[in-house]
């Protein structure tokens, strides 16, 4: 597992990571979320020893990264898909990593197969698309069959098939008992991939919770309602304290009132409902609400 305790990092007067603590458990995918500039990449860099914390600790299996005898068999990390010599073939890149970590050649063939890169093993990495470099980086993380895996934005540059492949891979790695930490800005993917979420803003912890718990605690979603006399029932809903707006195909979208309460109100007024559909808060909506005070830059719609 990964344990982060009181982690703090400053660059000059700016505190990038501020007294951050969380745990990444084995057997699950932990999503690492936050707005741009929240400190996610810096935290990941400190976990694998690429940046030194000003205070606090980050350990892997109870040890600092620098104390791991053969790091690649303990933890695999993909922080920058472009960190590969463009003149090397995919095979040679992986083989060099394997040799330097005392790993057998067969591991290169195994990870090329698992990442679907067998057909391009002899091609130079400099000619790869960003998506193919992502796959090569993921293959490198798997070389030592580590129990801990860290991925920073692994779906960047991937097409829909590739994104789905990464999702399935993350789930399969967790099912094998590995601890998987993955950052992403694609909330729809995190909703389908992650078991647990760590959300930070301005370097500080905002939430450490299950996906379902985050969406539940950030309120019920709207309720789609259809009735024959839409205008009249909208007035009755508003009088009862609900917020009502027009929806698609002559529906009403009601917030601030549960589906059960809407049903009771309809029964009281003798209104026949043809639809009463609760809309659960999405992870994206919950995330935006949770981090609205931590966004560094925001634009105004025209």
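Every number in this text was worked out from the coordinates using simple rules, so none of it is lab data. None of the values given here were measured: they were computed from a predicted structure. A quick note on method: Cβ atoms are made from the backbone with ideal geometry, for glycine too, and the neighbour counts reach across all protein chains shown.
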key: For the stretch 32-126: span of alpha carbons on each principal axis (Å, largest first)   = 44, 32, 22
query = Using the alpha-carbon centroid of each, what span in Å lies between the stretch 19-45 and the stretch 187-209?
reply = 8
query = Anyone know which of 153, 289, 145 comes out most mobile in the 10 Å Cα GNM of the chain?
reply = 289
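Under the definition of Cα pairs under 8 Å and six or more residues apart, what whole-number percent is the relative contact order of the chain?
Averaging sequence separation for qualifying contacts and normalising by length gives 21 percent for the chain.
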inquiry  = Taking the Kirkwood radius as the inverse of the mean 1/r across Cα pairs, report the Rg/Rh of the stretch 220-280.
reply    = 0.89
ask   = Fewest first, what order do 123, 106 take by the number of other Cβ atoms within 10 Å?
value = 106, 123
inquiry  = I need 1, 117 ordered by Cβ neighbour count within 10 Å, fewest first.
reply    = 1, 117
task = Treat the count of other C-beta atoms within 10 Å as a stand-in for reagent exposure and order 59, 115 from fewest to most.
result = 59, 115
query = Out of the DSSP beta bridges found with both residues in the chain, what percent are antiparallel (nearest 5)?
reply = 65
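Averaging over every viewing direction, what projected area does the convex hull of the Cα atoms of the stretch 69-206 cover, in nm²?
Reported value for the Cα convex hull: 8.9 nm².
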message = Stokes-Einstein diffusion coefficient for the chain at 25 °C in a medium of 0.890 mPa s, Rh from the Kirkwood formula over Cα pairs: what value in µm²/s?
response = 113
